[in-house]
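The values are calculated or read from the model by the stated rules, or taken from the named source; none is laboratory data. Here the structure is a predicted model, which means the values were calculated and not measured. Virtual Cβ from ideal backbone geometry, glycine too; neighbours counted across all protein chains shown. Side chains included, ligands, DNA and RNA excluded: accessible areas come from the protein's heavy atoms. Shrake-Rupley method; radii C 1.70, N 1.55, O 1.52, S 1.80 Å.
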Amino acid sequence: WFKPPKIKDTFIACSFDKISEPEINTSEKIIRLHHHQFAHKEEFFQKPNTLISDNVKDYLTIYSNANETHSDRVHACVASLSYETPSRLYFSSPRAKLFENVTKKDITNELVKLDKVKINNLKKEQIKIIKEIIIKGIK
C-alpha cells in the first residue's frame, strides 16, 4: 500500500506511550515516536528527536527506515516487522501472541525478525484451504 521514501540517516525507532522509555544501549540516534497526537504529555518533549503526527505515513516512513524498533505498542512492532525492521515489544499484552506464528523468538524478550519461511508456509496453507472451499462451493 505504501512504499516509504528512503532516509539516508541511520537511527533506531522508539515508541513508548504506555511505559517510560527503557535504556536502549546504542550509539545510534534515537527517533522517538508518540502515537497519542491529541494527548500531548509534557514528558513526550523531554528528549530530542520526537515525532508526533496525525499522518500514518510519517510513522511508516520512520519504522521502515529504522535499524530496529523498540516499543510498548503492538502496532508499532507490526508495522516495523512488515518492513523487515527487527523489533522488540516492551509491554505485556495478550495481543503479543500474534507474533508467535511469524517469529522464531519471543518479541517481548529480544529483537526479532519475521520468519519468512514460516509466513510463506502459512500463506500456502491459507491458499490451499480457500481453494478447497471454492471448489466445494462450485460443485
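Among the residues of segment 83-120 satisfying the criterion of being among the acidic types (Asp, Glu) and closer than 15 Å to Thr69 by Cα, which is most open to solvent (accessible area, probe 1.4 Å)?
Glu84
What pairs can you find where one residue is in segment 14-31 and within 17 Å of Val74 (Cβ to Cβ), the other is in a loop (DSSP other than H, G, I, E, B) and charged (D, E, K, R), and their Cβ atoms are less than 6 Å apart, with a gap of 6+ or different chains?
Cβ pairs passing all conditions: Cys14/Glu21; Ser15/Arg73; Phe16/Asp72; Lys18/Asp72; Ile19/Asp72.
Based on what the data block shows, is Thr61 in contact (Cβ under 8 Å) with a residue 12 or more places away in the chain, surrounded by 19 or more Cβ atoms within 10 Å (Cβ to Cβ) and not in a helix (DSSP H, G or I)?
no
So Lys47 clears everything in (1) at pLDDT below 90; (2) under 22 Å from Phe2 (Cβ atoms) except one condition, right? Which one?
For Lys47, the failing item is (2).
Counting just the residues of segment 71-82 that are polar (S, T, N, Q) and without any contact (Cβ under 8 Å) to a residue 60 or more places away in the chain, which one comes out surrounded by the fewest Cβ atoms within 10 Å (Cβ to Cβ)?
Only one residue fits best here, namely Ser82.
Scanning segment 83-120 for residues that are touching a Leu at 6+ places or on another chain (Cβ under 8 Å) and in a helix (DSSP H, G or I), which turns out modelled with the lowest pLDDT?
Of the residues in segment 83-120, the ones touching a Leu at 6+ places or on another chain (Cβ under 8 Å) are 83-84, 86-88, 96, 99, 101-103, 107-108, 112-114.
Filter once more, keeping what is in a helix (DSSP H, G or I): 96, 99.
Working: Ala96: 86, Phe99: 92.
That would be Ala96.
In the set Glu68, Glu21, which member is surrounded by 13 or more Cβ atoms within 10 Å (Cβ to Cβ) and in contact with a Ser or Thr (Cβ under 7 Å, 6 or more places away or on another chain)? Break it down into steps so the answer makes sense when it comes.
On the way: Glu21 fails: in contact with a Ser or Thr (Cβ under 7 Å, 6 or more places away or on another chain).
When all the criteria are applied, what remains is Glu68.
Evaluate segment 126-135: report whether one residue or more is surrounded by 10 or more Cβ atoms within 10 Å (Cβ to Cβ) and in a loop (DSSP other than H, G, I, E, B).
Checked segment 126-135: no residue is surrounded by 10 or more Cβ atoms within 10 Å (Cβ to Cβ) and in a loop (DSSP other than H, G, I, E, B).
Based on what the data block shows, is Lys123 at pLDDT 90 or above and either touching a Lys or Arg at 6+ places or on another chain (Cβ under 8 Å) or surrounded by fewer than 14 Cβ atoms within 10 Å (Cβ to Cβ) (or both)?
In short, yes.
Out of all the residues in segment 96-139, which are free of Cβ contacts under 8 Å to residues at least 40 places away in the same chain, in contact with a strand residue (DSSP E or B) (Cβ under 9 Å, 6 or more places away or on another chain) and not β-branched (Val, Ile, Thr)?
Ala96, Phe99, Lys104, Lys105, Asp106, Asn109, Glu110, Lys113, Leu114, Asp115, Lys118
Any residue in segment 110-121 that is farther than 21 Å from His75 by Cβ and more than 20 Å from the chain's Cα centre (by Cα)?
Yes: segment 110-121 contains one or more residues that are farther than 21 Å from His75 by Cβ and more than 20 Å from the chain's Cα centre (by Cα).
Inside segment 1-35, can you point out the residues that are aliphatic (A, V, I, L, M) and out of contact with any Asp or Glu (no Cβ under 7 Å at 6 or more places or on another chain)?
Ile7, Ala13, Ile24, Ile30, Ile31, Leu33 - these are the residues of segment 1-35 that are aliphatic (A, V, I, L, M) and out of contact with any Asp or Glu (no Cβ under 7 Å at 6 or more places or on another chain).
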